[in-house]
Amino acid sequence: MRRPRGEPGPRAPRPTEGATCAGPGESWSPSPNSMLRVLLSAQTSPTRLSGLLLIPPVQPCCLGPNKWGDWPPGGGPSTGHVQGLQRLLEQARSPGELLRWLGQNPTKVRAHHYPVALRRLGQLLGSRPRPPPVEQATLQDLSQLIIRNCPSFDMHTIHVCLHLAVLLGFPSDGPLVRALEQERRLRLPPKPPPPWSSLLRGGQRLEAALSCPRFLRYPRQHLISSLAETRPEELTPHVMVLLAQHLARHRLREPQLLEAIARFLVVQENQLSSKVVQKLVLPFGRLNYLPLEQQFMPCLERILAREAGVAPLATVNILMSLCQLRCLPFRALHFVFSPGFINYISGTPHALIVRRYLSLLDTAVELELPGYRGPRLPRRQQVPIFPQPLITDRARCKYSHKDIVAEGLRQLLGEEKYRQDLTVPPGYCTDFLLCVGSSGAVLPVRTQDPFLPYPPRSCPQGQAASSPTTRDPAQRVVLVLRERWHFCRDGRVLLGSRALRERHLGLMGYQLLPLPFEELESQRGLPQLKSYLRQKLQALGLRWGPEGG
């Protein structure tokens with residue numbers, strides 16, 4: 001296929017200030033102030049364009065059936081011909097030349113060539129010092145080519161063409177944008193009718209925003225704050241679940257939004273299944289937030305009583321969130337600890353995770369609910385709760401202070417006088433554990449039993465944890481790292497799982513020594529860290545070295 005010489009046209013007069021790109025059927029006068037020029041001047045920062053938060057970003061063209069799926073059965077044309085046409089389109093010197101390559105090679109044109117042509121058109125219109133002339137008939141013919149072939153486009157190609165057409169200034173009510181938009185809607189799966197008579201436009205935009213991967217990666221609190229002003233009955237369960245997941249994932253402890261979720265749960269109690277409720281309740285436990293809504297707990301108790309036998313895993317997940325809030329309902333505990341429920345979940349695929357959650361609930365009953373007199377989890381069914389560091393700690397280990405604190409303790413105390421990542425009954429993993437004698441001396445761990453008995457011996461709850469010094473010969477001190485990701489974002493509230501762990505360790509008799517991330521980050525180098533750890537340990541009355549034994 002030979003490439004004909006381009007036919008240079010007469011130079012177009014310099015466009016006037018304020019002219020915009022127009023579509024077929026309108027006069028075309030490219031302007032430096034058009035959306036196209038904004039795009040070309042911010043290629044590396046497309047987020048500068050207003051209104052593009054919910055529009056899929058332009059993806060680079062990719063050849064092959066796996067991406068576009070438009071090769072005919074039995075094999076398509078040679079890759080060389082397809083790539084050759086794409087190169088010709090990318091090197092076209094005028095809109096008329098673009099149209100000729102598309103019109104004169106119908107057997108070699110594929111769906112992905114049309115986004116290439118539109119992108120090249122934008123580059124030509126934004127060229128400096130003066131863009132080439134554009135005839136209205138050329139734009140109309142190019143639009144008709146795309147309209148005629150868009151039924152064969154896949155969803156990705158339709159999105160890219162629609163995106164580029166809007167940026168190039170084609171009117172939203174023009175034939176090109178209407179045809180692409182119609183094809184896009186035809187490819188969407190049918191949606192069930194909304195349960196309410198009408199939905200607010202703001203709610204629809206919020207649902208689209210919360211579903212966008214870019215929004216989930218870069219949370220925009222100012223966009224979702226408007227939800228607190230919307231009545232719960234005007235929103236769908238799907239939107240509220242997306243919001244709950246967003247708050248939990250990004251550790252956003254926003255009282256207004258959490259209260260909106262709580263009110264929605266109360267209003268829609270009879271229409272919500274336990275599988276939906278478990279997702280709505282998740283951020284309350286994770287963010288350690290008990291809502292002010294007075295009907296929140298009575299509503300959850302009624303849902304648990306109604307749905308407990310229908311979805312066992314959802315029931316246990318709801319109880320896990322309530323356990324972090326210290327609001328466990330006795331009636332639901334009676335049900336999940338009953339022999340029938342335990343036997344039922346033993347044969348399910350999620351038996352291990354349910355047994356782990358039931359073990360944690362049993363620990364909470366032992367330590368925090370002295371008035372409970374119902375059934376308990378049998379000893380043979382109990383498993384370690386968290387036998388290793390949590391997933392978030394393993395994923396962010398390179399940002400953790402654990403290694404440098406371990407080195408500081410090694411140089412300060414010696415390797416034999418502390419244990420790292422030791423799991424103590426009933427299954428809590430500790431950061432650093434010290435064994436302390438009755439005189440306050442830090443003892444070698446190998447000469448002592450590092451574990452305190454569980455269940456704990458009868459003594460006033462929290463006495464050991466609240467004691468300012470270590471006088472109990474069986475005392476164990478746990479150094480607790482409080483990393484930045486252990487807290488809710490922009491706050492000083494521990495996440496629910498962290499607060500639960502520290503609370504239970506203290507109730508079992510371990511004395512906790514928190515090491516906040518602000519204090520650790522302020523230490524410059526190992527010598528300063530050793531001095532910091534020395535002050536922390538001495539404040540508890542601990543001694544070590546030759547004088548400490």
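The values are calculated or read from the model by the stated rules, or taken from the named source; none is laboratory data. These numbers come from a predicted model, not from an experiment. Every residue, glycine among them, receives a Cβ derived from its backbone with ideal geometry; neighbour counts consider all protein chains shown. Side chains included, ligands, DNA and RNA excluded: accessible areas come from the protein's heavy atoms. Shrake-Rupley method; radii C 1.70, N 1.55, O 1.52, S 1.80 Å.
The table below gives the values:
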| read-out | value |
| --- | --- |
| Using a Förster distance of 22 Å, the FRET efficiency for Arg543-Thr447 (Cβ separation, nearest 0.05) | 0.85 |
| Local net charge near Leu162, Cβ-Cβ under 10 Å (Lys/Arg +1, Asp/Glu -1) | -1 |
| Probe 1.4 Å, protein heavy atoms only - accessible area per residue of segment 281-340 in square angstrom | 41 Å² |
| Of all accessible heavy-atom area on segment 498-549, the percent that carbon and sulfur account for (1.4 Å) | 55 percent |
| Percent carbon-and-sulfur accessible area, segment 240-302, ignoring ligands, DNA and RNA, probe 1.4 Å | 47 percent |
| Label-point gap, in nm, between Ser172 and Ala351 - each point 7 angstrom along Cα→Cβ | 5.7 nm |
| Difference of contour (0.36 nm per residue) and Cα-Cα distance, Cys327 to Leu369 | 14.1 nm |
| Ordering of 524-534, 485-495 by burial proxy (mean other Cβ atoms within 10 Å per residue, highest first) | 485-495, 524-534 |
| Pairwise FRET efficiency - Leu188 versus Asp403, Cβ, R0 = 56 Å, nearest 0.05 | 0.65 |
| Length gained when the stretch Gln91-Glu259 is fully extended (0.36 nm per residue, less Cα-Cα span) | 54.8 nm |
| Inter-site label distance for Glu181 and Gln136 at 7 Å from Cα along Cβ, in nm | 2.3 nm |
